[in-house]
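Everything below concerns the one structure shown next.
Derivation of every value follows stated rules applied to the coordinates shown; laboratory data play no part. Source: prediction; values computed, not measured. Every residue, glycine among them, receives a Cβ derived from its backbone with ideal geometry; neighbour counts consider all protein chains shown.
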Amino acid sequence: MMDDLKGKTLQTTLMHAPELGSVEIIKDALITIDHDGTISSVLKPSDPYYETALATDNLVKTAKRQYLLPGFVDLHIHAPQWPQLGKALDVPLEVWLQKHTFPLEARYKDNVFAERIYGDLVSSLLAHGTTSAVYFATIHQDATRTLADICLNLGQRAFIGKVAMDNEDQCPDFYRDADAAAALDGTRAFVDYVLSMPGNDAGLIRPVITPRFIPSCTDAVLSGLGQMAADYGCHVQTHCSESDWEHAYVLERTGKTDTEALDNFGLLGRHTVLAHSNFLSDDAMDLIHSRGSGVAHCPLSNVYFSNAVFPLRRALEKSVRVGLGTDISGGPSASMLDSCRHAISASRNLEEGVDPSQSGDQRGTSDSRISFREAFHLATAGGADVLDIPVGRFAKGCKLDAILVDADNQAASISIDETMDSQDDILQKIINGATRANISTTWVAGRTVHQQA
Ligand code: GUN
Ligand code: FE
């Protein structure tokens with residue numbers, strides 16, 4: 001059993017990507033952690049205070065071929081869709097919502113069902129190394145509070161929203177807020193619940209204002225939630241320009257793109273997370289950048305529901321803040337390592353193109369690819385920056401949210417040979433090949449929240 005790391009000094013090989021495009025790997029680093037799980041120093045063997053820091057009674061050492069990485073920040077998860085992971089992927093978004101997803105989400109009016117599913121979801125995500133999770137829950141007050149309670153108990157850093165959806169034209173009778181007032185009052189009640197949760201003084205759990213997406217909501221709810229976001233200053237999440245159908249629906253109803261419409265409703269702020277955002281014009285990207293909102297890029301879900309590949313490189317060039325999301329269950333994997341891999345392969349497909357009947361110079365969009373280093377950054381520090389939280393990198397003042405990757409696990413699918421692999425190669429092998437079986441321990445703010453049996 002690896003210890004809690006609060007008040008300890010950890011000696012380990014660390015690998016992180018604090019800035020987009022580069023990684024830092026430190027062999028035998030010393031990380032000192034204070035009693036509330038905050039990093040107080042990160043030392044290399046060549047640093048003057050290294051030997052002094054090493055002479056402590058509170059030293060914890062990791063084994064050879066164990067590597068400390070920042071925990072993953074998953075910017076987009078539908079918690080109630082956990083039982084649907086890996087199925088119902090054969091119809092378009094608008095059919096999938098009505099036929100599969102709304103009937104499943106409606107079941108969370110049963111809080112016993114919610115407790116069972118959410119407990120399994122959160123412990124599974126911790127085992128996959130997701131230390132910060134941004135969740136859509138359902139319209140239900142009790143079940144959404146249950147999700148918050150479970151995250152607090154199991155120790156996952158979580159951003160949680162009661163879903164608001166009141167539009168009779170788009171939401172079925174069996175799964176809809178009764179009216180605009182119910183959507184707004186329910187949102188406010190959940191935000192207040194989280195802000196006064198006993199045991200949440202450190203803000204591990206945060207409330208998120210969550211209009212599902214423009215099609216699900218009336219204008220009254222969208223503008224009411226925009227006002228609420230300004231009043232509370234809390235995070236906002238929604239879906240933006242996800243698919244052809246969704247983008248066209250919003251254009252027809254509002255005469256605007258999702259980005260402009262959300263901005264007019266007051267929903268595009270410094271703490272807004274926009275899922276997908278595939279169909280963004282240059283102007284929309286500029287607007288998102290100027291408001292300081294971030295994008296949750298969900299590459300695997302986009303394969304099934306989005307009709308297109310998110311222009312990630314273009315967004316990064318415009319300095320739009322981007323992180324990655326699994327979009328459980330639109331994306332059929334709970335693993336942020338899979339999100340990294342799919343972000344890389346989607347960017348390659350975009351660059352090369354996909355239609356062999358086109359000539360090579362016509363087929364793709366040049367300069368679209370991202371590297372494994374960039375994907376690693378987006379899944380950790382990039383996501384943290386979208387949320388404005390001090391995690392995702394090993395630096396003084398950041399919380400010790402981390403995973404220990406064990407490259408030697410026999411059940412796993414990476415193999416390391418130190419006579420042939422550089423440290424950078426080892427990180428590349430981890431990003432491309434590690435699985436849940438390699439994640440031996442997960443910590444949030446220095447607390448051990450998962451330990452492999
Ligand atoms: N748009 C509105 N709701 C959803 C959802 O649950 N999943 C995805 N991928 N898109 C949505
Ligand atoms: Fe989604």
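Once the piece of chain linking Ser371 and Ser22 is laid out straight, how much longer is it, given 0.36 nm per residue of separation minus the C-alpha distance between them?
Numbers: separation 349, 0.36 × 349 = 125.64 nm, distance 0.97 nm.
Full-extension gain reported as 124.7 nm.
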Could you work out how far the C-alpha centroid of segment 115-147 sits from that of segment 361-424, in angstrom? 24 Å
Taking only DSSP H segments of four or more residues, each worth -39500 (n - 2.57), what value at 222 nm results for the chain once the sum is divided by all its residues, to the nearest 500 deg cm²/dmol? -10000 deg cm²/dmol
Distant-in-sequence amide H partners of Arg321 (H built 1.01 Å from N, under 5 Å): Val295
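Output the antiparallel fraction of DSSP beta bridges having both residues in the chain, as a percent to the nearest 5. Don't skip to the answer; put the middle values down first.
Values: 25 of 60 bridges.
So the antiparallel bridges amount to about 40 percent of the total.
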With a Förster radius of 51 Å, plug the Cβ-Cβ distance of Ser46 and Leu195 into 1/(1 + (r/R0)^6) and report the FRET value to the nearest 0.05. 0.70
Please give the Cα centre distance for segment 251-312 versus segment 1-79, rounded to the nearest Å. 35 Å
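Taking N as the number of residues in segment 288-422, what value does Rg over Cα atoms divided by 2.2 N^0.38 Å take? List each step's numbers first, then the result.
Working: Rg = 16.9 Å, N = 135, 2.2 N^0.38 = 14.2 Å.
Dividing the Cα Rg of segment 288-422 by 2.2 N^0.38 Å gives 1.19.
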When the label point is put 7 Å from the Cα of Asn264 along its Cα-to-beta-carbon vector, which residues of segment 197-227 have a backbone N closer than 18 Å? 213-227
Can you check what the net charge comes to around Ser293, using other residues whose Cβ is under 10 Å from the Cβ of Ser293 (Lys, Arg +1; Asp, Glu -1)? +2
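Fully extended, how many nm does the chain gain between Arg348 and Phe174 (0.36 nm per residue separation, minus their Cα-Cα distance)? Kindly include the intermediate steps, with their values, before the conclusion.
Numbers: separation 174, 0.36 × 174 = 62.64 nm, distance 4.20 nm.
Length gained, Arg348 through Phe174: 58.4 nm.
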What translational diffusion coefficient, in µm²/s and rounded to a whole number, does the Stokes-Einstein relation yield for segment 74-151 at 20 °C and a viscosity of 1.002 mPa s, taking the hydrodynamic radius as the Kirkwood radius over Cα pairs? 165 µm²/s
Largest to smallest principal axis extent of the C-alpha atoms in segment 361-453, angstrom: 52, 38, 22
J(HN,Hα) series, segment 48-58, from Karplus relation 6.51 cos²θ - 1.76 cosθ + 1.60, nearest Hz, glycine and proline x: x, 8, 4, 5, 4, 5, 5, 7, 10, 6, 9
Calculate the spin-label point distance for Asp185 paired with Ser290, positioning each point 7 Å from the Cα along the beta-carbon direction, and give it in nanometres. 3.9 nm
Simple SL model, points at 7 angstrom along Cα→Cβ for Asp120 and Asp3; separation in nm is 3.6 nm
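Do me a favour and compute the ellipsoid semi-axes for the chain from its Cα gyration tensor, root of five times each eigenvalue, largest one first, whole Å. Don't jump to the answer; show the numbers that get you there.
Details: eigenvalues 252, 138, 76 Å².
Three semi-axes, in Å: 36, 26, 20.
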Can you tell me the convex hull volume per residue for segment 84-230, based on C-alpha atoms, in Å³ to the nearest whole number? 111 Å³
